[in-house]
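The values are calculated or read from the model by the stated rules, or taken from the named source; none is laboratory data. The structure presented is a predicted model; accordingly, all values stated were derived computationally and were not measured. Glycine gets a Cβ as well: all are built from the backbone with ideal geometry, and neighbour counts include every protein chain shown. The protein model used for the area step is the full one, side chains on, heavy atoms only, and it has no ligands, DNA or RNA in it. Shrake-Rupley method; radii C 1.70, N 1.55, O 1.52, S 1.80 Å.
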Amino acid sequence: MTTGARRRMGVEERRQQLIGVALELFSRRSPEDVSIDEIAAAAGISRPLVYHYFPGKQSLYEAALRRAADELAARFVEPRRGPLGARLLRVMGRFFDFVEEHGPGFSALMRGGPAVGSTTTNAMIDEVRQAAYEQILAHLGVTDPSARLELVVRSWVSLAESTALLWLDGRRIPREELQLQLVHDFAALAAVSAAYDGEMASLLIHMLADEPADGPFGDLVDRLATLLPKVPAVSAQTPV
């Protein structure tokens, strides 16, 4: 019986393997609790060899976050076909898939983890938020957003992030409900802004024009309608 020799990896291939191993471990436990020894063992190499490719845990951690940030930003990419509400719902589904698959890693990315205050980590977080912001503007067909629209979209991106972080702490609300609620939140933020601004009102009308009654935005209207008090009919006669 012959045993095949272990294939020798090139430098970049080994680096990518270590990043993948680290990201997998960070996805299951907080990065602070994962040691270089564990990463080396999972990769099937020695601890000194890890340091040959990365000068320390911090640099490997940042490389893993870089991959996570790129993957998370890609979750917001969605073809501009069909009603906006359905598109946003699909985006939220992929976003929460990532959150569920990479819980501790997602928390570390958004909260900074062991790299709190790191310029590199903060830049990656900002890149993810900016990518999400630009994707939503693309779905709206807007290239030069007004101040109010920028406020709506950036507030919604921040809300999605904070909602996911809170959900991870106990998962007390079904994620499917939160995904739909976040789509409703986007419509609600846009509607409130439209009440103050004509340009936002025009955008809202355009946004809702092709929405089906059974879509996410139509569902929001139905839910709100059940909460409205019954308005008594106004008498045709003017009281004396």
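Observations on the structure shown:
- Odd one out for Thr121, checked against (1) modelled with pLDDT under 95; (2) among the polar types (S, T, N, Q); (3) open to solvent by 10 Å² or more (accessible area, probe 1.4 Å); (4) part of a helix (DSSP H, G or I): (3)
- Evaluating Leu182 against the criteria (1) within 19 Å of Phe95 (Cβ to Cβ); (2) more than 16 Å from the chain's Cα centre (by Cα) leaves one unmet condition, (2).
- For the range 137-147, residues that are surrounded by 17 or more Cβ atoms within 10 Å (Cβ to Cβ) and at pLDDT 95 or above total 1.
- Meets criteria (of a type in the set (A, V, I, L, M) and open to solvent by 10 Å² or more (accessible area, probe 1.4 Å)) for Val99: no
- Ile39 being closer than 30 Å to Leu208 by Cα and buried (at least 19 other Cβ atoms within 10 Å of the Cβ): no
- Qualifying residue in the range 148-163 (condition: without any contact (Cβ under 8 Å) to a residue 24 or more places away in the chain and among the polar types (S, T, N, Q)): yes
- The set of residues in the range 54-78 that are over 24 Å from Leu25 (Cα atoms) and either open to solvent by 60 Å² or more (accessible area, probe 1.4 Å) or assigned to a helix (DSSP H, G or I) (or both) contains only Val77.
- From the list Gly20, Gly82, Gly93, the lone residue that is at positive phi and small (Gly, Ala, Ser) is Gly82.
- Ser202 being assigned to a helix (DSSP H, G or I), of a type in the set (S, T, N, Q) and under 17 Å from Ala73 (Cα atoms): no
- Subset of the range 12-38 [over 20 Å from the mean Cα position of the chain (by Cα) and in a loop (DSSP other than H, G, I, E, B)]: Val34, Ser35
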